[in-house]
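Below is one structure; the comments refer to it alone.
Please treat every number below as a calculation from the coordinates, not as lab data. On a predicted model such as this, the values are computed, not experimentally measured, just so you know. We place every Cβ from the backbone using ideal geometry, glycine too, and count neighbours over all the protein chains shown.
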Amino acid sequence: MSYQSLPPAAARLYRLLAMHPGADFDADLATALDPDGEELLTTLAKAGLLRASHGDRYSFSSLAQGHALQQLHRTDSAAEQLAALRAMVWWYVDRAIAADKVISAQRWRLSERYADVPAFDGDDAEAMDLLEPDRANFVQVATAAYESEMDDAVLALAEALWGLYFHRQLYADWKTVNEVAVRAAVRREDKRAEARMRCQLGFRHYALDDFAAARAEFVAAVAVEPADHPRGLATDLESLALAHFSLGEHAEALDCIERAIPLAPQDQQRALLSHHRARVLSALGRYDEAFAGLGAALKHTQDKGDRYNEGRVLASIGETFLRTGEPAKAAAELGRALAAMVEKRRMFQEAVVRGLLSQAHEQLGDRAAALDEARKAHAILHVLEHPREPVARQRLDELS
């Protein structure tokens, strides 16, 4: 079947899909352009104008896409083309939001779009798996939306992708999307959004152990945050505290946390701040205070069923036991932390916990177990191409 023989609705979909920002797309995307979109995709595939692939995804050949674009510019007005692009962009935003409502269930948001989008029906790992096939598309969509001055969509998308990027360590995508989002917030003169996007970008630097660059973004977020947005300022200060802590600036970290706690309106946010405060106290050798804070934070995460943050707190308890010279207790808590990270499929945090477990086993005199955990930690960091990989490799060499 040729293009000229297509039913009008199929021909229209063929033309509009040529504008899609990305190499391939999920079949459900077509419903954003036509209520019968999925049926029309079958028509286009049978006509040889689209290629169907595994996972109910479709793509153009370069020749077909060129032809579709040619027909688009001949047939559809600029207003119709923009409306179609907007429909596709918002389809991606809504898909990311639905997943993020599961991935980052306790996180506060700026985008009002969250109120209108139902949550994905699955757990957080399944929600991230849902988004993974569209990783490249999300980057292209953010860029296309920015170029079309759809700043509200850019900001909503960047906010919604935070959990995916943070937990799956998608560093390149994270950088590109959030840099575009910062520019969108500045162009929109939206100070709250700019602060949030700078925090998200700062955490990308933080995740790669570039703590000085992270601190610079967090300082900028604190500076730009409006005075009438205490929840945002609490997040900015919390983020800045983590950068200070990682740079060994413990007094500055503690000051940021103490400033943030009274500003935080959510129990979840206050609990996370209490966890960070306890980590700083542990590093300062104030162990009784640290254990008290960690115990309270652990109870909160368990009461909320927040398995990921429960694992983070357990890791901090284990690390504190290492500092107090109690490796057996450390190993017990770190074993519980490891189970949580494996269950939640948090690879980087799994590597961190295995590194601490290796230290505990070494202090207990079990060199074989220490080597095994160090080897597993190194393998994860190698796969993630993380800056800590050389340090992990050096530890392997020392244990070997």
Checklist entry - Among 104-116, 270-282, 23-35, 186-198, how do they line up from the highest to the lowest mean number of other beta-carbon atoms within 10 Å? => result 270-282, 186-198, 23-35, 104-116
Item to check | D (Stokes-Einstein, µm²/s), Kirkwood Cα radius, segment 46-101, 1.567 mPa s at 4 °C | outcome: 96
Checklist outcome for this item: In whole Å, largest first, the alpha carbons of the chain cover along the principal axes 78, 51, 35
Next on the checklist: I need the per residue convex hull volume for segment 1-76, using only the alpha carbons, in cubic angstrom as a whole number.
Outcome noted: 82
Checklist entry - To the nearest 10 degrees, how steep is helix 151-160 against the longest Cα principal axis of the chain, on a 0 to 90 scale? => result 50
Checklist entry - segment 167-218 to segment 47-80: how many Å between their Cα centroids? => result 34
Item to check | Compactness of segment 127-284, expressed as Rg and Dmax over alpha-carbon positions, Å | outcome: 15.7, 50
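With +1 on each Lys and Arg Cβ and -1 on each Asp and Glu Cβ, how big is the dipole of segment 43-174 about its Cα centre, in debye rounded to the nearest 20?
On the way: 12 positive and 20 negative charges, 92 e Å.
Here the size comes out at about 440 debye.
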Next on the checklist: At 222 nm, what value in deg cm²/dmol follows for the chain if DSSP H runs of at least 4 each add -39500 (n - 2.57) and the sum is divided by all its residues, to the nearest 500?
Outcome noted: -23500 deg cm²/dmol
Checklist entry - When N is the residue count of segment 273-400, what does its C-alpha Rg come to as a fraction of 2.2 N^0.38 Å? => result 1.03
Checklist entry - At what distance in nm do the modelled label points of residue 396 and residue 78 sit from each other, each positioned 7 Å from its Cα along Cα→Cβ? => result 5.7
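Inverting the mean 1/r over all pairs of different Cα atoms, compute the Kirkwood radius of segment 1-134 and quote it in Å.
Evaluated on segment 1-134, it is 15.9 Å.
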